[in-house]
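Peer 1: The structure under discussion is supplied below as structure tokens; questions concerning it will follow.
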Amino acid sequence: MGVPSYKGAFGEEQATRLLWRAGFGPKPGQATELAELGLQGAIRSLTRPKSTRLLGPNPAVDGAPLAPRDAWGHDHLWWLDRMVRTEAPLVERMTLIWHDWFATSKSGVPQKLMLRQNALLRRHALGNFERLTLDITKDPAMLLWLNGTDNHVYSANENYARELQELFCLGAGRGYTEQDVRELARALTGFANDWTDSGPTRFRYVKKLHDAKPKKIYGKRGKFTWQEGVKLVTRHRRHPEFLVTKLWGAFIPTKPSAATVKGLIKLYVKHDRDVRPLVEAILAHPDLYDPRRRMVKPPVVQAAGMLRAVGRGIDSGAWAWLCEIAGQYLFLPPNVSGWDDSRWLDTATFRARWMMAQHICEPARLEPDKGATAPLDAGELVRQAVTFWGDPTLSGPVRAGLERYAADTLATADEPWKKKTYPVLAVNALRMLVATSPDYLTS
């Protein structure tokens, strides 16, 4: 039995959800265009984009270009700009997923090496997981972050060997022992780097630093090289299940059925650990389009989506600290496990979501004194506010609540100047309320 595929209507609502889950929300008119392609055509347009260009004005802060290698916040702004302007949103979303998966932080790695790793993750965005894992193993940022260059024949360091199994490929306690951790660490020995006044440099593999003696990993004996050690992990019998369920969780909040897991495993193994077929199957799965299975938008996803919706680029450094207080500063995950998706919204971080909306709405505020007008109709006021954000789908209760607020505001407009002013002010307020509603904070 294969992986089931969604058979229901594929209109703008479904296309919008797909764009939020597999990207950063729609630009104006994009959901309509995607819906016209049908489900499979829409998915293929995302997994096999015709262009990876960035469209629109280059980012700037205070009128100056970004300095992502040097200035605080500019690395975050640089990547957020890519999310906003990209013509290949799924490639950028997968880069974010891999950054969270192989979580590495600039708290222990120079920014220039984090940017280099970011390019590596983008190259492998929809490629082969085993090749990605081989490349991330020798990546300078990862070698620093998990002590790969401290792991040599004279003194083994188990950090990377442990996380490669526990977090990246198998899952905690799934099919490996402490002895396997130690032996795998021996297989991964041999990497080195130099240190200068400018920091770490000349990352390389030094054969004499590698432990060439026999090892025993998962019951197999051999003089395993570092590449062979990695492949023992990615070819472990428990790896496919871990990979497909973790990747599923990046797109769908509820657990897959046993039959779906089995089908995805077969697909993954059949394509020799290529990721693109898996992603295509997940994006076509009925569970993704079930309106009951909503996901909270990660802070950077919401920030990028809001900017895309209103056609605005990165023109302020505020987006770095706004995302930080919302709980997600790029290149700075909290630990090697990455971000905790279950804690995107709480009493502390919700305020930042409000401030994000404020940074969009304030410059676009309608001014009654400058000729702005709005109708004396609650439903129309809500419609105008929703249109500002690209017409996101609102549930009946949320729309009814917004219309009650609009009606209550209009009910107080009992003088001519109020009839002119209050509807305009109501649209401004409704824009904020739409962007902070449960329907907009989730997809």
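Peer 1: Looking at the structure I just gave you, is residue 382 of a type in the set (Val, Ile, Thr), open to solvent by less than 40 Å² (accessible area, probe 1.4 Å), under 27 Å from the mean Cα position of the chain (by Cα) and within 24 Å of residue 412 (Cβ to Cβ)?
Peer 2: no
Peer 1: I'd like the full set of residues that are open to solvent by less than 50 Å² (accessible area, probe 1.4 Å) and not in a strand (DSSP E or B), limited to the range 200-217.
Peer 2: Those that are open to solvent by less than 50 Å² (accessible area, probe 1.4 Å) and not in a strand (DSSP E or B): 206, 209, 210, 211.
Peer 1: Quick one: in the range 303-324, of everything that is within 16 Å of residue 434 (Cβ to Cβ) and open to solvent by 10 Å² or more (accessible area, probe 1.4 Å), which residue is nearest to the chain's Cα centre (by Cα)?
Peer 2: This residue is 309.
Peer 1: Just a yes or no: is a residue in the range 23-37 among the polar types (S, T, N, Q) and within 20 Å of residue 294 (Cβ to Cβ)?
Peer 2: Checking the range 23-37: not a single residue is among the polar types (S, T, N, Q) and within 20 Å of residue 294 (Cβ to Cβ).
Peer 1: Among the helices (runs of 4 or more DSSP H) lying completely within the range 393-443, list those that include at least 2 residues that are modelled with pLDDT of 95 or more, in contact with a helix residue (DSSP H, G or I) (Cβ under 9 Å, 6 or more places away or on another chain) and aliphatic (A, V, I, L, M).
Peer 2: 396-411, 416-435
Peer 1: State all residues of the range 223-235 that are open to solvent by less than 30 Å² (accessible area, probe 1.4 Å) and either in contact with a helix residue (DSSP H, G or I) (Cβ under 7 Å, 6 or more places away or on another chain) or modelled with pLDDT under 95 (or both); if no residue qualifies, say none.
Peer 2: 224, 226, 229, 230, 233, 234
Peer 1: Among the residues of the range 269-302 satisfying the criterion of being under 18 Å from the mean Cα position of the chain (by Cα) and of a type in the set (Val, Ile, Thr), which is most open to solvent (accessible area, probe 1.4 Å)?
Peer 2: 296
Peer 1: Filter the range 150-165 down to the residues that are surrounded by fewer than 22 Cβ atoms within 10 Å (Cβ to Cβ) and touching a helix residue (DSSP H, G or I) at 6+ places or on another chain (Cβ under 7 Å) and list them by number. Walk me through it before giving the result.
Peer 2: Residues of the range 150-165 that are surrounded by fewer than 22 Cβ atoms within 10 Å (Cβ to Cβ), as a first pass: 150, 152-159, 162-163.
Across the range 150-165, the qualifying residues are 152, 153, 156, 157, 158, 162.
Peer 1: Also: How many residues does the range 1-54 hold that are assigned to a loop (DSSP other than H, G, I, E, B) and among the small types (Gly, Ala, Ser)?
Peer 2: Of the residues in the range 1-54, 10 are assigned to a loop (DSSP other than H, G, I, E, B) and among the small types (Gly, Ala, Ser).
Peer 1: Of the residues 15, 67, 22, which single one is within 26 Å of residue 263 (Cβ to Cβ), more than 15 Å from the chain's Cα centre (by Cα) and modelled with pLDDT of 95 or more?
Peer 2: Just one listed residue meets the conditions, 15.
Peer 1: Quick check, is residue 125 assigned to a loop (DSSP other than H, G, I, E, B) and either among the acidic types (Asp, Glu) or crowded, with 21+ Cβ neighbours inside 10 Å (or both)? Step through it out loud before you land on a result.
Peer 2: Details: assigned to a loop (DSSP other than H, G, I, E, B): yes; either among the acidic types (Asp, Glu) or crowded, with 21+ Cβ neighbours inside 10 Å (or both): yes.
Judged against the criteria, residue 125 is a match.
Peer 1: Counting just the residues of the range 141-153 that are free of Cβ contacts under 8 Å to residues at least 40 places away in the same chain and not aliphatic (A, V, I, L, M), which one comes out farthest from residue 206 (Cα to Cα)? Don't jump to the end; show me each part of the working.
Peer 2: Kept after step one, since they are free of Cβ contacts under 8 Å to residues at least 40 places away in the same chain, are these residues of the range 141-153: 141, 147, 150.
Now restrict to residues that are not aliphatic (A, V, I, L, M): 147, 150.
On the way: 147: 15, 150: 12 Å.
Taking the candidates together, the pick is 147.
Peer 1: Looking at the range 338-353 only, could you name the residues that are small (Gly, Ala, Ser), surrounded by 14 or more Cβ atoms within 10 Å (Cβ to Cβ) and assigned to a loop (DSSP other than H, G, I, E, B)? Explain how you work it out, then say what you get.
Peer 2: Applying the first criterion (small (Gly, Ala, Ser)) to the range 338-353 yields 338, 342, 348, 352.
Those still in the list that are surrounded by 14 or more Cβ atoms within 10 Å (Cβ to Cβ) too: 338, 352.
Within the range 338-353, 338 is the sole residue that qualifies.
Peer 1: Another question, if that's okay. In the list 168, 191, which residue meets the criterion of being over 30 Å from residue 48 (Cα atoms) and surrounded by 15 or more Cβ atoms within 10 Å (Cβ to Cβ)? First the steps, then the outcome.
Peer 2: On the way: 168 fails: over 30 Å from residue 48 (Cα atoms).
Sole residue among the options that is over 30 Å from residue 48 (Cα atoms) and surrounded by 15 or more Cβ atoms within 10 Å (Cβ to Cβ): 191.
Peer 1: Moving to a separate point now. Which residue, of 131, 82, 116, is closer than 23 Å to residue 341 by Cα and either in a helix (DSSP H, G or I) or in contact with a His (Cβ under 7 Å, 6 or more places away or on another chain) (or both)?
Peer 2: Result of the check over 131, 82, 116: 82.
Peer 1: Could I ask something else about it? Only one of these is among the hydroxyl-bearing types (Ser, Thr, Tyr) and surrounded by fewer than 21 Cβ atoms within 10 Å (Cβ to Cβ): 52, 104, 137. Name it.
Peer 2: 52
Peer 1: So, in the range 335-349, of the ones that are out of contact with any strand residue (DSSP E or B) (no Cβ under 9 Å at 6 or more places or on another chain), in contact (Cβ under 8 Å) with a residue 24 or more places away in the chain and not hydroxyl-bearing (Ser, Thr, Tyr), which residue ends up farthest from residue 436 (Cα to Cα)?
Peer 2: Top of the filtered list is 336.
Peer 1: Looking at the range 74-89, I want the residues that are under 24 Å from residue 44 (Cα atoms) and have a partner that is at pLDDT below 95 and open to solvent by less than 10 Å² (accessible area, probe 1.4 Å) with Cβ atoms under 8 Å, at least 6 apart or on another chain. Which pairs are those?
Peer 2: So the pair list comes out empty.
The values are calculated or read from the model by the stated rules, or taken from the named source; none is laboratory data. In this text the structure is predicted, and so the values were computed from the model without any measurement. Backbone-built Cβ (ideal geometry, glycine too); neighbour counts: all protein chains shown. In case anyone asks, the SASA skips ligands and DNA or RNA and just uses the protein heavy atoms, side chains included. Shrake-Rupley method; radii C 1.70, N 1.55, O 1.52, S 1.80 Å.
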